[in-house]
Amino acid sequence: MLDLAAALSSAMALVTSLDPQMLVIVRLSVLVSGSAVLLAAVIGLPLGALLALSDFPGRGALVVAINACMGLPPVVVGLVVYLLLSRAGPLGEFGLLFTPSAMVAAQTVLVLPIVAALSRQVVADLWEEYGEQLRSLGASRPAVVATLLWDGRFSLLTAILAGFGRASAEVGAVMIVGGNINGVTRTMTTAIALETSKGDLALALGLGIILIGLVTAVNAAVFLLGHVARRRMG
Amino acid sequence: MLKRIMIVAAMLFCAAPQVSAQERFITLASTTSTDQSGLFGHLLPMFRAETGIWVRVVAVGTGQALKLGERGDADALLVHDRAGEDKFVAEGFGIDRRDVMYNDFVVVGPKADPAGVKGAPSVAEAFKRIAATKAPFASRGDDSGTHRSELRIWKSAGVDVKAAGSGWYRELGSGMGPTLNTAAGMNAYALADRGTWAGFKNRQSLVIVSEGDRSLFNPYGSILVNPARHAGIKAADAVVWHRWLTGPKGQAAIAGFKIDGEQLFFPDSK
């Protein structure tokens, strides 16, 4: 119990002092996971919708594959991205290894299946409900995709938040491709792992409390936004 | 309230000018033992003030650090496994290996010392006693410099840990800190480098039970990654670092690094 109290007070101290080193870490965490989620949404939402609306041979297998990829182990994704970006790898010439860009790439791979799989389900359900109607109106494929994505926006927001949760919580991938370099690629989760390995459990847990607070704040903001939007639009 | 949130948000996004300012940098693959002791926090600002070069440290086990060098993902290495370092240079992955500093390993274990290790005349004898009493021993098991040294000591003690089964000899496959956390949790013996041990906070009942033996000597070497092997190696700036570290200024800086008044690394560049 003493440890928990020490963790809480170290979290409070970090927050109230606005420690500049911690701000750098928090900022990087938000930027990396935020960018990864944004990229995954831009690709994943239309991809999920198209998968829900199209029929082609092998579609079932593709759906199963994407659903399965929701459980990709972060450390394996990190390893694959590392091998691609390593100077001895195929993309080595760009010098991206151990940079925030590499971390965004790895997290996008982790988040994309979640956004795509969940939005496929959302759009498929909506299509079942409104398909007849849209077909009778003679709507084109892109128009149908846009209409259904807009219609399902509140459910899709939850899918995106699930992706954000995955990205902000993982440590295996960013540790490998980022290298946990102080001031450059150190995020909340890699900092927590580092402090744990130094045996400074109070500081590690303190950082953990801040991370949980941060994720809660993001979710609360999205919830409020959705609430206000729903009211305005009736 | 809203205003305060906005101020904090604005601070967050202006907080890291140093990241964009790091245009001239090299990547150093080094070991958790040097990083977690706080040595780099002491050395790098001095080096940067003098040369304007940022050193980005990726702290991993020596085995993985050598691998990063092999693949050209680091510009220089600071590691501690003489045999592995010589092989790395002999195979053409690295050039100009130089002695930098040394410290030593310590054997830590529960205060109650169930294997009666305290007072053993040598570390090999200490390890023999641990094996004979089947007292739990936490091994790094991660092909790091410390792990490789530990295996050498077992060999000199005449104990075959591969045949020990899973009972008392526990391979954790993790870094120095996590291994100490686990050892503290299960009252096990472990081999640790003095630097990590000195900075380690979660000791619980662990104390040093054996130290000072010659075979606990732990020398560190600086190696340049061979720029002929990969495109993009920052050879010129890496040489500046390599020479500074092994030159008078770097050596003095190493000697000046202390935790609680105790010097942790001893410069020995010739």
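Please treat every number below as a calculation from the coordinates, not as lab data. Note that this is a predicted model, so its numbers are computed, not measured. Here Cβ is always computed from backbone atoms with ideal geometry, including for glycine, and neighbour counts include all displayed protein chains.
Where in the stretch B:198-233 does the label zone of B:LYS118 land, with the point 7 angstrom along Cα→C-beta and an amide N cut-off under 18 Å? Counting only backbone N, you get B:203-213.
Shape annotation for chain B: C-alpha extents along the principal axes are 59, 58, 34 Å, from largest to smallest. A Cβ-based charge dipole, computed about the Cα centre of chain B with Lys and Arg at +1 and Asp and Glu at -1, lands at about 420 debye.
Taking 30 Å as the straight-line reach from the Cα of B:LYS111, the lysines in range (excluding those fewer than 8 positions away in the same chain) are A:LYS198, B:LYS128, B:LYS134, B:LYS155, B:LYS162, B:LYS201, B:LYS258. With angles folded into 0 to 90 degrees, how steeply does helix A:141-151 sit against the dominant principal axis of chain A? Use alpha carbons for both and round to 10. So the helix axis and the longest Cα principal axis differ by about 60 degrees.
Counting pairs of alpha carbon atoms under 8 Å apart in space and at least six apart in sequence, what relative contact order in percent does chain A give?
Working: 279 pairs, mean separation 75.4, N = 234.
Here the relative contact order equals 32 percent.
If you wrap a convex hull around the C-alpha atoms of the stretch B:80-164 and split its volume per residue, what is the figure in Å³? Show your work: numbers first, answer last.
Numbers: hull volume 10.1 nm³, N = 85.
Expressed per residue, the convex hull around the Cα atoms of the stretch B:80-164 is 118 Å³.
Add -39500 (n - 2.57) for each DSSP H run of 4 or more in the protein assembly as shown, then divide by its residues: what number comes out at 222 nm, to the nearest 500 deg cm²/dmol?
Values: 22 runs with 303 residues, N = 504.
Per the formula, -19500 deg cm²/dmol.
With angles folded into 0 to 90 degrees, how steeply does helix A:59-69 sit against the dominant principal axis of chain A? Use alpha carbons for both and round to 10. So the inclination is approximately 20 degrees.
Out of every Cα-Cα pair in the stretch A:132-234, what percent are more than 18 Å apart? The answer is 64 percent, as a whole percent.
A cut-off of 5 Å between modelled amide H atoms, ignoring neighbours fewer than 5 places along the same chain, links A:ARG186 with A:ILE181. Residue-wise HN-Hα couplings along the stretch B:229-238, as the Karplus relation 6.51 cos²θ - 1.76 cosθ + 1.60 with θ = phi - 60° gives them from phi, are 7, 9, 6, x, 5, 8, 5, 4, 5, 5 Hz; Gly and Pro carry x. The three principal axes of the C-alpha atoms in the stretch B:147-256 carry coordinate ranges of 50, 34, 26 Å, sorted with the longest axis first. Based on alpha-carbon centroids, what's the gap between the stretch B:49-109 and the stretch B:161-208 in Å, whole number please? Result: 23 Å between the Cα centres. Taking the stretch B:100-126 and a reference point 7 angstrom along Cα→Cβ of B:ASP160, no backbone N atom is nearer than 18 Å.
Using only alpha carbon pairs under 8 Å that are at least six residues apart, calculate the relative contact order of the stretch B:104-216 and give it in whole percent. So the answer I get is 47 percent. Across the stretch A:124-135, computed HN-Hα scalar couplings (Karplus, 6.51 cos²θ - 1.76 cosθ + 1.60, θ = phi - 60°) run 4, 5, 5, 4, 4, 6, 10, x, 3, 4, 5, 5 Hz from first to last residue, x flagging Gly and Pro.
Each residue of the stretch B:78-95 is assigned a 3J(HN,Hα), and the resulting list reads 10, 9, 9, 7, 3, 4, x, 5, 5, 5, 4, 6, 4, 7, x, 7, x, 9 Hz, derived from the Karplus form 6.51 cos²θ - 1.76 cosθ + 1.60 (θ = phi - 60°), x at Gly and Pro.
Using alpha-carbon pairs under 8 Å, 6+ residues apart, how would you state the relative contact order of the stretch A:46-138 in percent?
Details: 69 pairs, mean separation 42.1, N = 93.
Reported relative contact order: 45 percent.
Between B:THR51 and A:VAL75, the C-beta separation translates, for a Förster distance of 30 Å, into a calculated FRET efficiency of about 0.25.
Hey, any idea what Rg/Rh is for chain A, computing Rh the Kirkwood way over Cα pairs?
Working: Rg = 20.5 Å, Rh = 19.5 Å.
Ratio value, two decimals: 1.05.
Normalised size of the protein assembly as shown, defined as Cα radius of gyration per 2.2 N^0.38 Å with N residues, equals 1.12. Helix A:20-53 and the long axis of chain A differ in direction by around 20°, with both axes built from C-alpha atoms. Placing unit charges on each Cβ (+1 for Lys and Arg, -1 for Asp and Glu) gives the stretch A:22-200 a dipole about its Cα centre, and among A:VAL145, A:VAL32, A:ALA116 the Cα reaching farthest toward its positive end belongs to A:VAL32.
So how many Å³ per residue does the convex hull of the Cα atoms of the stretch A:30-98 work out to? Mind dumping the intermediate values first?
Working: hull volume 9.1 nm³, N = 69.
Each residue corresponds to 132 Å³ of Cα convex hull volume.
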